[in-house]
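K.L.:
Pasting in a structure now, in structure tokens, and then I'll have a few things to ask.
The values are calculated or read from the model by the stated rules, or taken from the named source; none is laboratory data. On a predicted model such as this, the values are computed, not experimentally measured, just so you know. In this analysis, Cβ positions are derived from the backbone assuming ideal geometry, glycine residues included, and neighbour counts consider all displayed protein chains. Calculation scope for accessible area: heavy atoms of the full protein, side chains included, ligands and nucleic acids excluded. Shrake-Rupley method; radii C 1.70, N 1.55, O 1.52, S 1.80 Å.
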Amino acid sequence: MAEIIVVTSGKGGVGKTTSSASIACGLAKAGKKTVVIDFDVGLRNLDLIMGCERRVVYDFVNVVHGEASLKQALIKDKRLDNLFVLAASQTRDKDALTKEGVGKVLNDLQAEGFDYILCDSPAGIEKGAFLAMYFADRAVVVVNPEVSSVRDSDRILGLLASKTKKAEAGERIVEHLLLTRYNPARVEKGEMLSIADVQEILGLSVVGVIPESPEVLQSSNSGNPVILDEESQAGQAYTDAVARILGEDRPMRFTTVEKKGFFSKMFGG
């Protein structure tokens, strides 16, 4: 039975689709048959970050409305054999998705033997975001270490606890916080919330801390999720986060300012 994970956030621009792409790649690299679905109908960015935008013929809305089969719409990743993408439509609006239609697609994907179904949610609390989280077993809430992002994420946690299929059954979705664009030097200066601050405000532990890094944007622009860049700190941090999602215990890296040694101070290294 596939586990359904929603990747969500209270506000836009926090790195949610970037995180969806990297988590999906990480799960596939770990040997899990994975599909990632773009719920952001009308915008459609996931296929760009995954590097498959030119291969989109049929999309999620086509499948929901019976205009194409899953096999026609699923795009197989060129790098990882067990990774698939279901793109959003650029020409429809959010009302094109229905609870019944989304539920049927997710059931059909489970019948195809997937281990993980990732739902890349639009930001906020409108219909697309509600449908992305409704069927979820787990949620990865993407947060920047700033007050507005944390406050908006608190609202999302409230919806996850009350407006999902599990909530209706008196159960609880497993929730993870993923902290993105973290800069330890700015935290030390008091310009950014610390990991402990965010955990205390939201009452959840952090499953991953992704450092602020130019490689993230470069990777997204080139259609190669940053987790595939094993030399970058951000890629390594996403790999650690995926390992924790899979139940592995790993220490947090890249969360403190690197202290310069004596020679570095002397010679400006």
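K.L.:
Go through region 27-57 and give me each residue that's open to solvent by 10 Å² or more (accessible area, probe 1.4 Å), outside any loop (DSSP other than H, G, I, E, B) and of a type in the set (A, V, I, L, M).
P.N.:
Once the filter is applied, which keeps residues that are open to solvent by 10 Å² or more (accessible area, probe 1.4 Å), outside any loop (DSSP other than H, G, I, E, B) and of a type in the set (A, V, I, L, M), region 27-57 yields Leu48, Ile49.
K.L.:
Continuing with the same structure: Of all residues being aromatic (Phe, Trp, Tyr) and out of contact with any strand residue (DSSP E or B) (no Cβ under 7 Å at 6 or more places or on another chain) in region 118-151, which is least open to solvent (accessible area, probe 1.4 Å)? Just the residue, please.
P.N.:
Result: Tyr134.
K.L.:
If you don't mind, there's one more thing I want to ask. Before we move on, is Val105 under 20 Å from Ile5 (Cβ atoms), crowded, with 16+ Cβ neighbours inside 10 Å, within 15 Å of the chain's Cα centre (by Cα) and among the hydrophobic types (A, V, I, L, M, F, W, C)? Walk me through it before giving the result.
P.N.:
Working: under 20 Å from Ile5 (Cβ atoms): yes; crowded, with 16+ Cβ neighbours inside 10 Å: yes; within 15 Å of the chain's Cα centre (by Cα): no; among the hydrophobic types (A, V, I, L, M, F, W, C): yes.
Judged against the criteria, Val105 is not a match.
K.L.:
When you check Ala73 against the structure, is it under 22 Å from Met50 (Cα atoms), surrounded by 15 or more Cβ atoms within 10 Å (Cβ to Cβ) and without any contact (Cβ under 8 Å) to a residue 60 or more places away in the chain, yes or no?
P.N.:
Yes.
K.L.:
(1) part of a helix (DSSP H, G or I); (2) under 19 Å from the mean Cα position of the chain (by Cα): which one isn't true of Gln72, the others all being true?
P.N.:
Single failed check for Gln72: (2).
K.L.:
Collect the residues in region 175-211 that are farther than 20 Å from Thr18 by Cα and surrounded by 15 or more Cβ atoms within 10 Å (Cβ to Cβ), keeping them in residue-number order.
P.N.:
Pro184, Arg186, Val187, Met192, Leu193, Ser194, Ile195, Val198, Gln199, Ile201, Leu202, Leu204
K.L.:
I would also like to ask the following. Of all residues in region 152-168, which are touching a strand residue (DSSP E or B) at 6+ places or on another chain (Cβ under 7 Å) and hydrophobic (A, V, I, L, M, F, W, C)?
P.N.:
Within region 152-168, the subset touching a strand residue (DSSP E or B) at 6+ places or on another chain (Cβ under 7 Å) is 153, 156-157, 160.
Within region 152-168, Ile156, Leu157, Leu160 meet the criteria.
K.L.:
Only one residue in Ala87, Ala24, Ala96, Ala68 is among the aliphatic types (A, V, I, L, M), open to solvent by less than 20 Å² (accessible area, probe 1.4 Å) and modelled with pLDDT under 95, so which one is that?
P.N.:
Ala96
K.L.:
Taking the residues in region 176-199 that are assigned to a helix (DSSP H, G or I), free of Cβ contacts under 8 Å to residues at least 60 places away in the same chain and under 22 Å from the mean Cα position of the chain (by Cα) as candidates, determine which candidate is nearest to Glu258 (Cα to Cα). Before the answer, list the steps.
P.N.:
Initially, region 176-199 is screened for residues assigned to a helix (DSSP H, G or I), giving 184-188, 195-199.
Retained after the next criterion (residues that are free of Cβ contacts under 8 Å to residues at least 60 places away in the same chain): 186-187, 196-199.
Applying the additional criterion that residues be under 22 Å from the mean Cα position of the chain (by Cα) yields 196-199.
On the way: Ala196: 19, Asp197: 21, Val198: 22, Gln199: 23 Å.
So the residue we want is Ala196.
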